[in-house]
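Trainee: Quick one: the structure is below, questions incoming.
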Amino acid sequence: MRGSDHPQTTMFSYVSIEDRIPTDHPLRSIQALVNPILAELSPRFQAMYATMGRPSIPPERLLRAMLLQILFTIRSERQLMEQLNYNLLFRWFVGLNPDDAVWVPTVFTKNRERLLEGNIAEAFLHQVLKGADARGLLSHEHFTVDGTLLEAWASQKSFRRKDDPTPPPSDGDPKNPTINFRREKRSNKTHESVTDPDSRLARKSKGTAALLCHLGSVVMDNRHGLIVATDVRPPAYEAEREAGESKGGGF
């Protein structure tokens, strides 16, 4: 006998969201490590917020949501909010009840900026490393430094001569002038970006295009493959080695 396909408009469930998450799910182990760290950072959270006004998004939930975005490679805050709207696993990890409203993406982004300005992400990762070191997961002796070029959010048109940074004449659109770079010798000694002065013109290998970039370096422990430090600086010949000396030696 064929079953009937009736559209479901409402749902009443007597099974708690806690019982729906498998006991061996990896997020349970991550949550057990994250929650004590967030409890230690609570006094720092309290100092960042005013005592009066409308309640903001709890910083603990902000950090848990950001972890989900990294762990599951969610490309944008809008997609993250979409996942939180219907994914019970994500709601459970962040701390939202099934009937709680999901945040507006722009509100989430503005609240996240407060954590970045207060260096909360750095403090959070420091506590993670502290816990890993207490469990004997860091060697303190053997590290590997790996760097890569990070493309800057600056256009080639912003890369102008240092002695004459005036914008070139436009052909009708002053915000997007037409520029011809052919037969013009450009280098980091004579030119710089007017929108991102810390970026440098660099290329990954011969035969590839030179782009405005930053150098991102990662210091990794060789014993268990844990990242212990990160560094972003202007690209240079010895920048990767200097990043390893400054970050690896300070750990």
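Trainee: With all protein chains present and a 1.4 Å probe, how do Arg54, Arg161, Arg223, Arg233 order by accessible area, largest first?
Mentor: Arg54, Arg223, Arg161, Arg233
Trainee: What accessible area per residue, rounded to a whole number of Å², is obtained for the chain using a probe radius of 1.4 Å?
Mentor: Value returned for the chain: 71 Å² of accessible area per residue.
Trainee: Ok, one more. Work out, step by step, the length gained on full extension between Ser76 and Asp100: first 0.36 nm times the residue separation, then minus their alpha carbon distance; give nm to one decimal.
Mentor: Value of the extension gain: 6.6 nm.
Trainee: Determine the gain in length on full extension of the stretch Val194-Lys206; use 0.36 nm per residue of separation and subtract their C-alpha separation, reporting nm with one decimal.
Mentor: Computed gain between Val194 and Lys206 is 1.7 nm.
Trainee: Using the Cα centre as the reference, give the magnitude of the dipole from point charges on the C-beta atoms of region 1-145 (Lys, Arg: +1; Asp, Glu: -1; all else neutral), rounded to the nearest 20 debye.
Mentor: Computed about the Cα centre, the dipole is about 220 debye.
Trainee: Right, another one. Build a GNM of the chain with springs between Cα atoms under 10 Å: which of Gly53, Gly225, Gly95 gets the top mean-square fluctuation?
Mentor: Gly53
Trainee: Right, here's the next one. Could you sort Asp133, Asp163, Asp99 by their accessible area in this structure, using a 1.4 Å probe and putting the largest first?
Mentor: Heavy-atom accessible area, descending, gives Asp99, Asp163, Asp133.
Trainee: Sticking with this structure for a sec: In percent, what relative contact order does the chain have, based on Cα pairs under 8 Å that are 6 or more apart in sequence?
Mentor: Relative contact order, the chain: 15 percent.
Trainee: A follow-up question, please. Which angle between 0 and 90 degrees, to the nearest 10, do you get for helix 26-40 versus the longest principal axis of the chain when only C-alpha atoms count?
Mentor: 80 degrees
Trainee: When a/c is below 1.5 the answer is rounded, else prolate if a/b is larger than b/c, else oblate, so apply that to the chain with a ≥ b ≥ c taken from the square roots of the Cα gyration tensor eigenvalues. All intermediate terms of the calculation are to be shown ahead of the outcome.
Mentor: Details: a/c = 2.16, a/b = 1.52, b/c = 1.42.
Judged from the Cα gyration tensor, the chain comes out prolate (a/c at least 1.5, a/b above b/c).
Trainee: Below 26 Å, Cα to Cα, which lysines can Lys247 reach? Residues fewer than 8 away in the same chain don't count.
Mentor: Lys130, Lys204
Trainee: Through the Karplus equation 6.51 cos²θ - 1.76 cosθ + 1.60, θ set to phi - 60°, convert the phi angles of region 118-132 into ³J(HN,Hα) values in whole Hz; use x for Gly and Pro.
Mentor: Each residue of region 118-132 in turn: x, 6, 6, 4, 5, 5, 5, 5, 5, 5, 4, 5, 4, x, 5 Hz.
Trainee: Any idea how far apart Val128 and Glu18 come out in nm if each label point goes 7 Å out from Cα toward Cβ?
Mentor: With each label point 7 Å from Cα toward Cβ, the separation is 2.6 nm.
Trainee: Separate question: So between Tyr49 and Ile30, what do we pick up on full extension, going 0.36 nm a residue minus the alpha carbon distance?
Mentor: Working: separation 19, 0.36 × 19 = 6.84 nm, distance 2.66 nm.
Computed gain between Tyr49 and Ile30 is 4.2 nm.
Trainee: Pairs Lys157/Lys206; Lys110/Lys157; Lys162/Lys185: which are spaced more than 21 Å apart, C-alpha to C-alpha?
Mentor: Violating the 21 Å limit, Cα to Cα: Lys157/Lys206; Lys110/Lys157.
Trainee: If I model a spin label at Ala39 and Arg114 as a point 7 Å from the Cα along the Cα→Cβ vector, what separation in nanometres do I get?
Mentor: 2.4 nm
Trainee: Rank these by accessible area, largest first, 1.4 Å probe: His191, His214, His126. Write down the numbers at each step before the final one.
Mentor: Numbers: His191 5, His214 35, His126 115 Å².
Final ranking, largest accessible area leading: His126, His214, His191.
Trainee: What part of the accessible area of the chain, given as a whole %, is carbon or sulfur when the probe is 1.4 angstrom?
Mentor: 52 percent
The values are calculated or read from the model by the stated rules, or taken from the named source; none is laboratory data. Because the structure is a prediction, the values reported are computed rather than measured. Neighbour counts are summed over all protein chains in view; Cβ atoms, including those assigned to glycine, are modelled from backbone coordinates with ideal geometry. These area figures cover heavy atoms from the full protein model, side chains too; ligands, DNA and RNA do not enter into them. Shrake-Rupley method; radii C 1.70, N 1.55, O 1.52, S 1.80 Å.
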